[in-house]
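Let me begin by presenting the structure, written as structure tokens, before commenting on it.
The values are calculated or read from the model by the stated rules, or taken from the named source; none is laboratory data. Nothing here was measured: the structure is a model prediction, and the numbers come from that model. Counting neighbours? That spans all protein chains shown, and the Cβs are built from the backbone with ideal geometry, glycine included.
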Amino acid sequence: MQPVFQFDNVTKSYGKHVAVENLNLSIEAGKFVTLLGPSGCGKSTSLRMLGGFETPNSGRILLGGKDVTRVPPNKRNVNIVFQDYALFPHMTIAKNIAFGLELKGFDNQHIHRRVNELLELVQLQDYAKRLPSELSGGQRQRVALMRALAPDPEVLLLDEPLSALDAKLRQQMQIELKSIQEKTGKTFMFVTHDQEEALTMSDTIVVMNKGRIEQMGDPNTLYGRPGSVFVANFIGETNLLRSTVVGTEGDTAALSWNGVTIKAAPGGLAPKAGDNLYVVLRPEAIHCSADEPATGNRIKGKVRQRVFKGNHTSLSVEVGDGALLNALVHPSDVAQLSGDDVWVGWKPETTTVIPDRHAHN
Amino acid sequence: MRNMFSDAPRTTLTAFYWAFLLYLLLPLTLMMAMSFKDANFVAFPIGDWTLDWYAKVMQDKQFLEACLYSVMIAAASTLAATTLGTWIAMLIVAEGIKGQVIIFALACLPAVVPGMISAISMRIFISTIDMPTGTAAIILGHTVHAVPFVVVMALTRLRSMPGNLVDAARDLGADSVVAFFRVTLPYLGPALVGGMIFCVLLSIDDFVRTFFLGGYRPTLPMLIFAKVQGGMSPEINAMATLVLVVTAAVGLYAEYLTRRARTR
Ligand SMILES: Nc1ncnc2c1ncn2[C@@H]1O[C@H](COP(=O)(O)OP(=O)(O)O)[C@@H](O)[C@H]1O
Ligand SMILES: [Mg+2]
């Protein structure tokens, strides 16, 4: 299938500062793609290049197979939902949504029908005649979304559109956004620095770091099999165990970490004894019990801190030579962990192994 | 704790305020009062009251013609100054243009140059380029005078405009011309209306530029000036009162308009 848009080796710099470097990205139609990364990593720059507001220094941008690298924004069939919505303050909600349709030259009847249809989609029919200043943040957000969807763009670009909303409304809008994307079947390219938001909504997450793609994949893969320390740290909570290979046996490696020996499956890494590796151990993969468990890895430790979080309790367990492991304990298991002595255990296959890039030099 | 003296500064301020109002309003009130005096000269006591002077002014062809002329000049110079001023303001906020500070300074110059100097230099300028004095020259003079005010007002508003409104318009298919007329201009609207009314008032009020640049046709201030030289009479007071009432009404309406637009 032909990708709906494509970045072909795109580089953009401002003066000496490289904002986006050799970006290669190709996305299928109908997907919810998220560019995820810390502030300043080049997400907005990439989005604005696709929107036509920035021109790459090198490389090409393709939209529906056509080279649009130098096509101005008004001639591209993509629309942006801006972070602060950018609704036209002097126009009513209906006029705002009609703006793009009018410029496309549709007749009034068609515009009227389409605007009503879109307002109904987000239950704002009764607000058609209001001005943006008379709406709440969440409502403005929906109007901005509908205005951008109205001209039927090939790709809808969203630049941190939820960051101005409070936490509760944001969660609600995440679900609504995803459902609108599914209903309309549009390709959404969403930009955020919030990993939780990315995990909730995306079909594909593109993790960016310092202007480059760090890893790309579906939320499950990124969370379960992070490809780098950066991704492991950025997405979700994690215990990162820097360990040294002691020996290998079949597809299992014995590793020395923090004075104890643990097992992990290094996958295709084929490590040799003495190599340094990171083991990514998610807190929920750890099983805490009073009696010695049967899992492949088990260490005796002492509870240093308990934090009650409602639906779980977060334990800080000291193991080996003093390293702390962060574990999630289900409410039903907390009762049996009354004392400070505890066993932590996890299955080797629940961990991911990442090479230590700085080891060889 | 309140003490005996804590209100002293406020009392002083209030006293100054009333003194100021009195100082401001007394001459105007006197002028208005005299316009109702049933006699041929301006002096106290007023004695009998009449509206005859107003009737006379309203039938005064010279006065009506001067009014019309002033309004025409005001309209033309306002239109020119608003267009020019808006364009300059857009230039100043535009990206990728050098010397924006210089453009701004130059655009503001006519507001700070003394009227006399500006009038004389304009006069010299138009005779150098062989332009006759008269309507066109006056409009030119008034336009140059008014441009800085439009620039400042438009600029203030432009700077408060969210940068991505124009981006949003472009994104939805507007070229830069459409984006300007459908988004930037309406956003500037309140500031421009305020600026335009200010231009009108500046133009109607102007004496010194008109004096140097004008031909034989008198504008309102010139007519009143000519009449005053023939001696004060309640008729002049009536004229001045009419001008005052109309301009004050326009000014207040402008204030109301901009205030309403701002609170939306
Ligand atoms: N117009 C610009 N001029 C100069 N530097 C810029 C400009 N826009 C972005 N940058 C720089 O490029 C980098 C990436 O910016 P951006 O794409 O906005 O990051 P993000 O959206 O991921 O936070 C940042 O370091 C930023 O300072
Ligand atoms: Mg950004």
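Observations, loosely collected:
- Members of region A:329-359 that are of a type in the set (D, E, K, R), surrounded by 12 or more Cβ atoms within 10 Å (Cβ to Cβ) and within 29 Å of the chain's Cα centre (by Cα): A:LYS347, A:GLU349, A:ASP356
- Scanning region B:128-178 for residues that are buried (at least 22 other Cβ atoms within 10 Å of the Cβ) and within 9 Å of another protein chain (Cβ to nearest Cβ) turns up B:ALA168, B:ALA169, B:ARG170, B:ASP171, B:LEU172, B:GLY173, B:ALA174.
- Checked against (1) within 16 Å of ligand 2 (Cβ to nearest atom); (2) modelled with pLDDT of 90 or more; (3) more than 27 Å from A:LEU328 (Cβ to Cβ), A:PRO153 passes all but condition (1).
- Lone unmet requirement of (1) crowded, with 18+ Cβ neighbours inside 10 Å; (2) modelled with pLDDT of 90 or more; (3) in the same structural domain as A:GLY301 (by TED's automatic domain parsing) for A:VAL191: (3)
- Counted residues, region A:52-75 - those being crowded, with 21+ Cβ neighbours inside 10 Å and either closer than 23 Å to A:ALA144 by Cα or within 8 Å of ligand 1 (Cβ to nearest atom) (or both): 3
Quick grid of which residues meet (1) of a type in the set (D, E, K, R); (2) away from ligand 1 (no atom under 16 Å from the Cβ); (3) within 27 Å of A:PRO73 (Cα to Cα):
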position: A:ASP159; (1), (2), (3): yes, no, yes
position: A:LEU165; (1), (2), (3): no, yes, no
position: A:LYS168; (1), (2), (3): yes, yes, no
position: A:ILE180; (1), (2), (3): no, yes, yes
position: A:LYS186; (1), (2), (3): yes, yes, yes
position: A:THR192; (1), (2), (3): no, no, yes
position: A:THR200; (1), (2), (3): no, yes, no
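- Candidates A:ARG147, A:ARG140 - the one that is at pLDDT 90 or above, away from chain B (no Cβ under 12 Å) and surrounded by 18 or more Cβ atoms within 10 Å (Cβ to Cβ): A:ARG140
- Number of positions in region A:156-170 that are modelled with pLDDT of 90 or more and away from ligand 2 (no atom under 16 Å from the Cβ): 1
- A count restricted to region A:71-122 and to residues that are within 9 Å of chain B (Cβ to nearest Cβ) and acidic (Asp, Glu) stands at 2.
- With respect to being closer than 15 Å to A:LEU157 by Cα, at pLDDT 90 or above and either more than 14 Å from chain B (Cβ to nearest Cβ) or within 16 Å of ligand 2 (Cβ to nearest atom) (or both), A:THR34 fits the description.
- In region A:182-210, the residue that is nearest to ligand 2 (Cβ to nearest atom) out of those that are out of contact with any helix residue (DSSP H, G or I) (no Cβ under 8 Å at 6 or more places or on another chain) and not charged (D, E, K, R) is A:VAL206.
- Selected residue (criterion: farthest from the chain's Cα centre (by Cα)) from residues of region A:1-45 that are within 11 Å of ligand 1 (Cβ to nearest atom) and of a type in the set (Ser, Thr, Tyr): A:TYR14
- Within region A:61-93, the residues that satisfy the criterion of being aliphatic (A, V, I, L, M), part of a loop (DSSP other than H, G, I, E, B) and more than 23 Å from A:SER163 (Cα to Cα) are A:VAL68, A:VAL71, A:MET91.
- Condition met for A:LEU63 (within 16 Å of ligand 2 (Cβ to nearest atom) and in the same structural domain as A:MET201 (by TED's automatic domain parsing)): no
- Residues in region B:193-224 that are in a helix (DSSP H, G or I) and of a type in the set (D, E, K, R) were compared, and the one that is nearest to the chain's Cα centre (by Cα) is B:ASP205.
- A:ASP291 meets the conditions (1) assigned by TED's automatic domain parsing to the domain that holds A:VAL353; (2) buried (at least 17 other Cβ atoms within 10 Å of the Cβ); (3) acidic (Asp, Glu) in every case but one. The failed one is (2).
- For B:GLY99, the conditions (1) surrounded by fewer than 21 Cβ atoms within 10 Å (Cβ to Cβ); (2) under 30 Å from B:ARG260 (Cβ atoms) all hold with the exception of (2).
- Number of the exception - A:LEU177 against (1) within 14 Å of another protein chain (Cβ to nearest Cβ); (2) more than 16 Å from ligand 2 (Cβ to nearest atom); (3) surrounded by 19 or more Cβ atoms within 10 Å (Cβ to Cβ): (1)
- Looking only at region A:43-60, and only at residues there that are out of contact with any Leu (no Cβ under 8 Å at 6 or more places or on another chain) and either away from ligand 2 (no atom under 13 Å from the Cβ) or part of a loop (DSSP other than H, G, I, E, B) (or both), the one that is nearest to the other protein chains (Cβ to nearest Cβ): A:PHE53
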